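Read-outs: derived from the displayed coordinates by stated rules, not from any lab. Please read these numbers as outputs of a predicted model, since none were measured by experiment. All Cβ positions, even for glycine, are placed from backbone atoms using ideal geometry, and neighbour counts span all protein chains on display.
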Amino acid sequence: MKRVLFLDDETFILKVIEKKLEHTNIKCYFASSPKEAYSYIERVDFDVIIADIQMPDESGIEFFQKVRKMSPRAVRIILSGYSRTASIIEAINEGHIYQYIQKPWKIDKEAIELIEEAINVSKRWRDTPEINCSIDVKDINKFKTVKEWVLLDTTDQVIYQNSDYPLRSSYKDQPFTTVRSNIGELRLYDLEK
């Protein structure tokens, strides 16, 4: 079963999302406060958690910092009506955010595909060994120019691969870019070369 939790203090937004997703094969849960969301997370193993960055009781950044510990394999997506770069970078680094979405978020075919993609990422994360890795902010731009990539540690353990294509053994013979992280230096290979 595909399980997604939506957190937003604006209940009308939750109702719109619920209406748009009611005929999908995604089991949706809705919380209007972080407290309610934590209650769900303690009982349900979510594939994806989507939350607003601006909430009165607790920010989305603080929420995702806690969620990361409670449910490390859930893919985290943040929604924001604000485009403050510093807040977005903080959310990505502190909460290990998979995707940032600007509000208003149109719940259409593309949005459902994004949720499905995040569910698939969650399933891949569940199939890989437990690794807690955060990338240095200065190195995030290195990822923006590469469509298909793989990230390895110094023992050749795959930390993350952003595509489902099987890895060619020859990719290790290609040049790589060094990326700094909390678990040491990693190697970023461009799979398109």
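The ranking of TYR38, TYR98 by Cβ neighbour count inside 10 Å, starting from the fewest, reads TYR38, TYR98. Of the cross-linked pairs LYS66/LYS106; LYS20/LYS109; LYS35/LYS69, those separated by over 19 Å at the C-alpha level are LYS66/LYS106. Over all orientations, the range 2-126 has a Cα convex hull whose mean projected area works out to 6.8 square nanometres. Computed on the range 2-126, with alpha-carbon pairs under 8 angstrom and 6+ residues apart, the relative contact order is 25 percent.
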